[in-house]
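Here is the structure we will look at, set down as structure tokens.
The values are calculated or read from the model by the stated rules, or taken from the named source; none is laboratory data. Since we're looking at a predicted model, the values are computed, not measured. Cβ placement follows ideal geometry from the backbone for every residue including glycine, while neighbour counts extend to all protein chains displayed. With ligands, DNA and RNA removed, areas are computed over all heavy atoms of the protein, side chains included. Shrake-Rupley method; radii C 1.70, N 1.55, O 1.52, S 1.80 Å.
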Amino acid sequence: MLSRRLLVAGILAFGMGLGACAQSSAPMDEAGNPLESLTVATSTGSHDFLVEIADDDAERQRGLMFRAPLADDRGMLFQFPDTAERAFWMKNTPSSLDIIYIDPKGKIVSIAHHATPYSEAPLPSNGAASGVLELRAGRAEEIGAKAGDTVTHPFFQP
């Protein structure tokens, strides 16, 4: 009876270990935050990024404050439950960013290039947006991103 319990316990422990391994195969950033794939299609081709998701009020308010500069292939995607005129600022954000406003279908509405670190000046979307992508400053220009280009991620419904 004891050996049977040990066998069952061993099988359960092995199965739980496999489950943990499967979960850890998702890409993570240095702080252990999960990353998701996102693609920006421009006239220069498709450009792939791994992004953190900010999809609740606390995450959207914190954003990239107090963070080191982003790598070329990293970003943060802010997801909103509605579509509206948006404005972002750079309060407590030490690195310059490109702020890309995106409509619900994944079309770029506008881009605020090279946002000034620590600035509290609002940077408006100049159109309705349901998503905002933040990239390292200059990255949008490097990939040729402009209004009307497409961002592909499960959040957007083309």
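What FRET efficiency comes out for the pair Ala58/His114, r = Cβ-Cβ distance, R0 = 22 Å, nearest 0.05?
Working: r = 27 Å, r/R0 = 1.23.
Efficiency, from the Cβ-Cβ distance: 0.25.
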Quick check: pseudo-label points 7 Å beyond the Cα along Cα→Cβ at Glu85 and Ala128, how many nm apart are they?
1.3 nm
Could you state how much accessible area Ile100 has, in square angstrom rounded to the nearest 10, with a 1.4 Å probe and all protein chains kept in place?
0 Å²
Burial-style ranking of 139-150, 122-133, average other-beta-carbon count within 10 Å with highest first, yields 122-133, 139-150
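Taking the solvent-accessible surface of protein heavy atoms with a 1.4 Å probe, what is the per residue accessible area of the stretch 20-148 in Å²? Mind dumping the intermediate values first?
Details: 6470 Å² over 129 residues.
Value returned for the stretch 20-148: 50 Å² of accessible area per residue.
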On each of the three principal axes the extent of the alpha-carbon atoms of the stretch 66-145, given in whole Å and largest first, is 29, 27, 18
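Can you give the direction-averaged projected area of the convex hull of the alpha-carbon atoms in the stretch 20-158, in nm²? Show your work: numbers first, answer last.
Details: hull surface 32.8 nm².
Taking a quarter of the hull surface, the average projection is 8.2 nm².
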Under 22 Å from Lys146, Cα to Cα: lysines that are on another chain or at least 8 residues apart:
Lys105, Lys107
